[in-house]
1. Can you tell me which of VAL170, VAL97 is within 25 Å of GLY73 (Cα to Cα) and surrounded by fewer than 18 Cβ atoms within 10 Å (Cβ to Cβ)?
2. For a quick check of your reading of the model, give me the residue pairs whose first member lies in the range 168-187 and is within 10 Å of THR201 (Cα to Cα), whose second is open to solvent by 40 Å² or more (accessible area, probe 1.4 Å) and not in a strand (DSSP E or B), with beta-carbon atoms closer than 6 Å and at least 6 apart or on different chains.
3. Which of the following residues is without any contact (Cβ under 8 Å) to a residue 40 or more places away in the chain and surrounded by 15 or more Cβ atoms within 10 Å (Cβ to Cβ): PHE75, PHE81?
4. Being out of contact with any strand residue (DSSP E or B) (no Cβ under 7 Å at 6 or more places or on another chain) and either among the charged types (D, E, K, R) or at pLDDT 90 or above (or both) narrows it down to one of GLY180, GLY173, GLY191, so name that one.
5. Only residues that are open to solvent by 60 Å² or more (accessible area, probe 1.4 Å), closer than 15 Å to GLN50 by Cβ and either at pLDDT 75 or above or in a helix (DSSP H, G or I) (or both): list them for the range 100-115, please.
6. Going through the range 27-60 one residue at a time, which ones are open to solvent by less than 70 Å² (accessible area, probe 1.4 Å), charged (D, E, K, R) and more than 29 Å from the chain's Cα centre (by Cα)?
7. Could you list, in sequence order, all residues of the range 61-72 that are under 17 Å from the mean Cα position of the chain (by Cα) and either over 24 Å from ASN168 (Cα atoms) or open to solvent by less than 40 Å² (accessible area, probe 1.4 Å) (or both)?
8. Taking interchain pairs and intrachain pairs at least six residues apart, which have beta carbon atoms under 6 angstrom, with the first residue in the range 138-154 and more than 17 Å from ASN168 (Cα to Cα) and the second modelled with pLDDT of 90 or more and assigned to a loop (DSSP other than H, G, I, E, B)?
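The values are calculated or read from the model by the stated rules, or taken from the named source; none is laboratory data. None of these values were measured; they are calculated from a predicted model. Heads up, the Cβs are rebuilt from the backbone with ideal geometry, glycines too, and the neighbour counts pull from every protein chain shown. Accessible surface is based on the protein model in full, side chains and every heavy atom, while ligands, DNA and RNA are left aside. Shrake-Rupley method; radii C 1.70, N 1.55, O 1.52, S 1.80 Å.
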Amino acid sequence: LKDLNDQILGRTAKDLDQPLSIPDRGDEVTQLAHSFDDLSQRLSRAFLMQRSFSQNAAHEFRTPLAVLKTRIGLFRKKQDFAPQTTEAFLSIMESEVDRLSGMVDSLLKLTNLEQVPRSDRTKLGELLHQAAEDVSPLASKKGIAILVEASPGTITGSRELLRRALFNLVENGIKYNRPGGTLTVDLERQGDDWILSVSDT
């Protein structure tokens, strides 16, 4: 019991998934140790999901906020406050705010990935072009050209998770590219498989 108590007191959030070192004698102490191990495993998974959610939230919000900042900077720099220009600017702002609102909903769904439906029939090429369009303000800021070639066709899965995956890949191609470079994204179908290639300068 003292050995068990010492091991429990020494536990931290970093080593919750490590089993207790207790001889398996088949008595009540052994059962208690196994119960604690099971509880520790569940807590470890909960902490992992919490960290994953925080990282996802930070990553997902960073880009649309950067897009908003870039658009506002361009609008202010041009000093063109004509009604038509202002209306176009406000439309972009509204679209990005709607996108952020949608991200809040999707991030809440990501707290339980097992429950996310994966039965959407999605046109992958359209989703890829949308991802490229979403990061185009960041690409323009660095003078990077985006070239997208996508074969037509549909895929079954979670549209939201697929959109997130494609967006992250394209965004990384911008983020880690050199100024004035080129980002090439190719999507082709080979039999039952889809092959996505992302290459930068």
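1. VAL97
2. Once the first residue is within 10 Å of THR201 (Cα to Cα) and sits in the range 168-187, its partners that are open to solvent by 40 Å² or more (accessible area, probe 1.4 Å) and not in a strand (DSSP E or B) give ASN177/THR201; ARG178/THR201; PRO179/LYS142; PRO179/GLY143; GLY180/GLY143; GLY181/THR201; THR182/THR201.
3. So the residue among PHE75, PHE81 that is without any contact (Cβ under 8 Å) to a residue 40 or more places away in the chain and surrounded by 15 or more Cβ atoms within 10 Å (Cβ to Cβ) is PHE75.
4. Going through GLY180, GLY173, GLY191 in turn, just one is out of contact with any strand residue (DSSP E or B) (no Cβ under 7 Å at 6 or more places or on another chain) and either among the charged types (D, E, K, R) or at pLDDT 90 or above (or both): GLY180.
5. Listed by number, the residues that qualify are LEU108, LEU113.
6. Within the range 27-60, ASP27, ASP37 meet the criteria.
7. THR63, PRO64, ALA66, VAL67
8. Short answer, once both residue conditions are applied: LYS142/PRO179; GLY143/PRO179; GLY143/GLY180.
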